[in-house]
Amino acid sequence: PDDLNYAEGTGFQMIYEAHIARGDRSFSVGASTDALVDYARAIELAELIETPDYRLLFALLRAGNAYSAHGDFQSATGRYLSAFYIEAVNNHFRRDFPDLAVELNAAELVIADRNLEEATALLGELTGALMDRIWKRHVVAQPRDNLILLCSRYGTTLEAITSANSLSIDSAISPGQELVIPEIKG
């Protein structure tokens, strides 16, 4: 049963990673509608399975960016706010990041004024800053470590580790190599 659960979790993670990667490719060539389909599927997977909050936050940020590029500021604002509220509920957002909490309050006032385009821009920046703050764990690779093993060990994604370290998905890591791993608070 443990092997079965591990295999199922690894399968879900690979499908999640595929949706994020395909969404990123679509977004990079201006196909924001196609990107949104993949980001929505990644969000669904992150909500359905027991997954670190980081995966859901990451997918929500990507979807918010795609909606913003598509000009759908109401949906973009909703995705960004969802990311903040997940972090606030599951962690201690206002205690840990009081400066971002003040900026979030200001963005909520802009939303109340129904200026969704400005709110989307503010929330996009704030969500990006939140993600940057979550990404602060540094580790030293051990013998036999690889990227997939580190994803499993630290409850993060292959995309997150490769992005944080400017690596490709097929990069080998060496013992003693320092890596930034997205930190899961909780």
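The values are calculated or read from the model by the stated rules, or taken from the named source; none is laboratory data. Keep in mind that what you see is a predicted model, and the values were worked out from it rather than measured. Here Cβ is always computed from backbone atoms with ideal geometry, including for glycine, and neighbour counts include all displayed protein chains. Surface areas here come from the heavy atoms of the whole protein model, side chains and all, with no ligands, DNA or RNA. Shrake-Rupley method; radii C 1.70, N 1.55, O 1.52, S 1.80 Å.
Is there any pair with a first residue in the range 98-117 that is touching a residue at least 40 places away in the same chain (Cβ under 8 Å) and closer than 13 Å to Tyr80 by Cα and a second that is assigned to a helix (DSSP H, G or I) and not small (Gly, Ala, Ser) whose Cβ atoms are under 9 Å apart and which are 6 or more apart or on different chains, and what are they?
Pairs that qualify, where the first residue is touching a residue at least 40 places away in the same chain (Cβ under 8 Å) and closer than 13 Å to Tyr80 by Cα and the partner is assigned to a helix (DSSP H, G or I) and not small (Gly, Ala, Ser), are Leu116/Phe73; Leu116/Gln74; Leu116/Thr77; Leu116/Val110; Glu117/Phe73.
Does the range 71-82 include one or more residues that are touching a helix residue (DSSP H, G or I) at 6+ places or on another chain (Cβ under 9 Å), at pLDDT below 90 and among the basic types (Lys, Arg)?
Checked the range 71-82: no residue is touching a helix residue (DSSP H, G or I) at 6+ places or on another chain (Cβ under 9 Å), at pLDDT below 90 and among the basic types (Lys, Arg).
For the range 155-166, which residues satisfy the criterion of being within 19 Å of Arg22 (Cβ to Cβ) and either aliphatic (A, V, I, L, M) or open to solvent by 50 Å² or more (accessible area, probe 1.4 Å) (or both)?
Once the filter is applied, which keeps residues that are within 19 Å of Arg22 (Cβ to Cβ) and either aliphatic (A, V, I, L, M) or open to solvent by 50 Å² or more (accessible area, probe 1.4 Å) (or both), the range 155-166 yields Leu158, Ala160, Ile161, Ser163.
So that you can scan it fast, the table gives a plain yes or no per residue for (1) assigned to a helix (DSSP H, G or I); (2) loosely packed, with under 14 Cβ neighbours inside 10 Å; (3) at pLDDT 80 or above:
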position	(1), (2), (3)
Arg114	no, yes, yes
Val139	no, no, no
Pro143	no, yes, yes
Leu149	yes, yes, yes
Asp170	no, yes, yes
Pro175	no, yes, yes
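Within the range 116-137, count every residue that is open to solvent by less than 60 Å² (accessible area, probe 1.4 Å) and modelled with pLDDT of 80 or more. Break it down into steps so the answer makes sense when it comes.
Step one: list which residues in the range 116-137 are open to solvent by less than 60 Å² (accessible area, probe 1.4 Å), which gives 116, 119-121, 123-124, 126-131, 134-135.
In the following step, the residues that additionally are modelled with pLDDT of 80 or more were identified as 116, 119-121, 123-124, 126-129.
Of the residues in that region, 10 qualify.
Of the residues Thr33, Thr10, which is open to solvent by 30 Å² or more (accessible area, probe 1.4 Å), at pLDDT 90 or above and of a type outside the set (D, E, K, R)?
Details: Thr10 fails: at pLDDT 90 or above.
Being open to solvent by 30 Å² or more (accessible area, probe 1.4 Å), at pLDDT 90 or above and of a type outside the set (D, E, K, R) holds for just one of Thr33, Thr10, which is Thr33.
Between a residue in the range 1-25 that is over 17 Å from Tyr39 (Cβ atoms) and assigned to a helix (DSSP H, G or I) and any residue that is at pLDDT 75 or above and among the hydroxyl-bearing types (Ser, Thr, Tyr), which pairs come within a Cβ distance under 8 Å, given they are 6 or more apart or on different chains?
Thr10/Ser152
Among the residues of the range 151-163, what is the count of those that are outside any helix (DSSP H, G or I) and hydroxyl-bearing (Ser, Thr, Tyr)? If you could, list the steps in order and put the result at the bottom.
To start, the set of residues in the range 151-163 that are outside any helix (DSSP H, G or I) comprises 155-157.
Narrowing the set further to residues that are hydroxyl-bearing (Ser, Thr, Tyr) leaves 156-157.
Of the residues in that region, 2 qualify.
Looking at (1) at pLDDT 90 or above; (2) closer than 21 Å to Ile181 by Cα; (3) open to solvent by 60 Å² or more (accessible area, probe 1.4 Å), which one does His19 not meet, given that it meets all the others?
(3)
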